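Some notes on the structure that comes next.
The values are calculated or read from the model by the stated rules, or taken from the named source; none is laboratory data. No experiment lies behind these values; they were computed from the predicted model shown. So basically every Cβ, Gly included, is an ideal-geometry build from the backbone, and we count neighbours across all protein chains shown.
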Amino acid sequence: MLLPPSYLGPESSSSGPLPPVASSQPSRTGKYKNLAIIGAIISVLGYVLMILYWNGHTNWFEALYPVSTGFGASFVFQSNFIALTAAVAKEEVAMATGSLVSLLVLL
């Protein structure tokens with residue numbers, strides 16, 4: 001599958017405004033798992049649509065497939081970060097955050 005530069009812009013820009021949205025629901029309810037699962041489903045659905053229909057001659061609707069992958073990834077990463085910071089002691093938040101970011105860079 002060829003990933004042209006037009007793929008990178010929508011995916012990365014769609015994950016920018018979502019951290020406040022993704023963090024508001026777990027902060028209020030204390031439930032992190034549902035948001036991560038929903039984000040993973042949205043992201044996988046976007047990748048499946050791109051694999052099936054991205055052929056280099058896309059219309060405007062098909063050009064939005066990368067946006068769904070960015071939305072899904074933002075929800076997954078943000079909910080996991082909130083769950084991690086809520087689970088560790090206050091003095092260990094920096095080490096846990098560094099470990100999470102290092103793990104996400106490897107993925």
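Evaluated against (1) among the aliphatic types (A, V, I, L, M); (2) modelled with pLDDT under 80; (3) touching a Ser or Thr at 6+ places or on another chain (Cβ under 6 Å), Ile82 falls short on exactly one condition, (2). Each residue in segment 54-107 was checked for being among the hydroxyl-bearing types (Ser, Thr, Tyr) and buried (at least 20 other Cβ atoms within 10 Å of the Cβ), and 5 of them qualify. Counting only helices (runs of 4 or more DSSP H) wholly contained in segment 1-63, the ones carrying 2 or more residues that are within 13 Å of Ser79 (Cβ to Cβ) and either of a type in the set (Ser, Thr, Tyr) or modelled with pLDDT of 85 or more (or both) occupy 18-29, 33-53.
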